[in-house]
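Read the structure below first, then the notes.
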Amino acid sequence: MARAFVVVMDSVGIGGAADAHAFFNGDLPDTGANTLAHIAQACAAGKADIGRSGPLWMPNLDGLGLGRSVFLASGETAPGLMSEPVGLWGAASEVSAGKDTPSGHWELAGLPVPWDWHYFPNTENSFPSDLVAEVAKAAGSDGILGNCHAPGTAIIERLGAQHMRSGQPICYTSADSVFQIAAHEHSFGLDRLYQLCADIAPRLHAMKVGRVIARPFIGDAETGFTRTLNRKDYAITPPAPILTNWVQDAGRHVYAIGKIGDIFSMQGIDEVSKGADADLMADLSNLVDTAKDGSLTFANFVEFDSLYGHRRDIAGYGRALEWFDAAIGPILARLRADDIMLFTADHGNDPSWPGTDHTRERVPVLVAGKATKEIGIVQFADVAASIADHLNVPAQGPGRSFF
């Protein structure tokens, strides 16, 4: 029985979003942002030679049509990505009014977001006083630290020692619809941090804030602070069935790799594995050999976004892309005759762009296991409809299969 693997390369956008002018990094619209093309251009120009060198080298995904998808989406070329495709390829546009993780993943799973997310636009004193008081009370502290927009690594470096002295949680946000809480795993306690996030999540979700995220860290002022892999997202539950529900309701097994379980609030998911991207690649490799007949595996590889996009590290992003492509090659070679593996993304995060936030872009759609075909510009929701078509399960929502 056919199996399907959906692999989200978090933030690997390919430019061209028709509405990019309506989305901003600070005062700058996202018009012209193109994560993959700009990385490839920097690599070809010798401007991304830290830990790597030369043009961007991604023969496996480019062989499926990655370079062609960049040009289709945006009209830009990605030097080094010029292969003749041997897979099904195209690009997808998003209709949800967000350039964030839940919006992208929900829509890829067949459910465009049916509301406007709530954001905290003020970069300082970002949260209303009654919310601050509620968080402090839930934490058992006399206040909170942060209350601002900030990169996660920078804010724990700045406030980590004060947090350990005071016991106050570090609360911060970004341009996304998110409320993040950083706390020390030992002095504050990991379970206490999780409980705090669980306690305040209903209030934030009622405001239509997409996620409350626990951001644990370790270390001290002398040796420095480091975020751990024990991040946990408390996301709004999708308000209607999504791809994972469709598959599970048809009696099939659903595997989640990475933060998929958190993004979908465990809706329609049977098994979850988490870890660093290298660990997740090992999990994906294992599931290609062991996943049940008729199953869906839905994976997210987040480090493109979290380690390199937000930090505007072009060379690091290029290294990550080349590592991913090299690791995926042997996995593709072991797909069964009736398997498919679909590669896509949830938004952009152009490391050459001013600011530190996501960028509004189209995303690639590449499929191994289907005949060579250009599908053109499709919708995010068409991904879910197509996976359901391949698995022969009933689909819901607005998407249409491109198979």
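Here, each number is a calculation from the coordinates, and none is a lab measurement. Note that the coordinates shown come from a computational prediction; the quantities given were computed from them, not determined experimentally. With ideal geometry, Cβ positions are generated from the backbone for all residues, glycine too; neighbour counts draw on all protein chains shown.
Amide H contacts of SER126: CYS148, each under 5 Å away and 5 or more positions distant or on a separate chain (H built 1.01 Å from N in the peptide plane; Pro and chain starts excluded).
Seen through its C-alpha gyration tensor, with square-root eigenvalues sorted a ≥ b ≥ c, the stretch 284-385 comes out prolate because a/c lies at 1.5 or above while a/b is bigger than b/c.
Working from label points 7 Å from Cα in the Cα-to-Cβ sense, the LEU229 to ALA154 distance is 2.8 nm. Which one of PRO79, ALA91, ILE218 has its Cα pushed farthest toward the positive end of the charge dipole of the chain, where Lys and Arg give +1 and Asp and Glu give -1 at the Cβ? The residue sitting farthest along the positive end of the dipole is ILE218.
When Cα extents along the principal axes in Å is computed from the coordinates, the matching label among [x] 61, 55, 54; [y] 61, 51, 37; [z] 79, 51, 42 is [y]. Around the amide H of VAL365, modelled in the peptide plane, lie the amide H atoms of GLY90, ALA91, ALA92, all under 5 Å away and 5 or more residues distant in sequence or on another chain.
When both the stretch 242-277 and the stretch 193-230 are represented by their alpha-carbon centers, they are found 22 Å apart. Only Lys, Arg, Asp and Glu carry charge here, each on its Cβ (+1 for the first two, -1 for the last two); on that basis the chain has a dipole of about 180 debye about its Cα centre.
Taking ARG215, ARG231, ARG165 in turn, the Gaussian network model of the chain (Cα-Cα springs below 10 Å) assigns the largest fluctuation to ARG165.
Extension gain, GLN195 to GLU124, is 23.0 nm, computed as 0.36 nm per intervening residue step minus the present C-alpha separation.
In this Cβ point-charge picture (+1 for Lys and Arg, -1 for Asp and Glu), the stretch 1-148 has a dipole of about 560 debye about its Cα centre. Determine which residues of the stretch 230-250 fall in the zone a paramagnetic label at LYS137 would reach in this model, i.e. backbone nitrogen under 17 Å from the point 7 Å along Cα→Cβ. Answer for the stretch 230-250: none. Using just its DSSP H runs of length 4 or more, each adding -39500 (n - 2.57), the chain gives a mean residue ellipticity at 222 nm of -10000 deg cm²/dmol after division by all residues.
Computed over the chain with a Gaussian network model linking Cα atoms closer than 10 Å, the most mobile of THR372, THR244, THR35 is THR372.
Cα centroids of the stretch 343-403 and the stretch 76-134: how far apart, whole angstrom? If you average the Cα positions of each part, the centres end up 13 Å apart.
Note on SER285 and ALA161: their simple-model spin labels are 4.2 nm apart, each label 7 Å out from Cα toward Cβ. Here is the list for the stretch 1-63: trypsin sites (Lys or Arg not before Pro) lying in DSSP coil, each with at most 14 other C-beta atoms within 10 angstrom of its C-beta, are LYS47.
Listed values for the stretch 233-243 are Karplus-derived 3J(HN,Hα) couplings in whole Hz (6.51 cos²θ - 1.76 cosθ + 1.60, θ = phi - 60°), namely 9, 10, 9, 4, 5, x, x, 8, x, 10, 3, and x replaces Gly and Pro.
Sorting the segments 223-230, 8-15, 293-300 by their residues' average number of neighbouring beta-carbon atoms within 10 angstrom, most packed first, yields 8-15, 293-300, 223-230. Seen through its C-alpha gyration tensor, with square-root eigenvalues sorted a ≥ b ≥ c, the stretch 1-86 comes out oblate because a/c lies at 1.5 or above while a/b is not bigger than b/c. Think of the chain as a dipole: +1 on every Lys or Arg Cβ, -1 on every Asp or Glu Cβ, centred on the Cα centre; then among LEU342, ALA161, SER285, SER285 lies furthest on the positive end.
The order of the peptides 20-29, 374-383, 59-68 by mean Cβ neighbours within 10 Å, most packed first, is 59-68, 374-383, 20-29.
Anyone know which of ALA384, ALA282, ALA40 comes out most mobile in the 10 Å Cα GNM of the chain? Of the options given, ALA282 has the highest mean-square fluctuation. Rounded, prolate or oblate: which one fits the stretch 44-88, using the alpha carbon gyration tensor with axes a ≥ b ≥ c (rounded when a/c is under 1.5, else prolate when a/b beats b/c, else oblate)? Oblate, because a/c is 1.5 or more while a/b does not exceed b/c.
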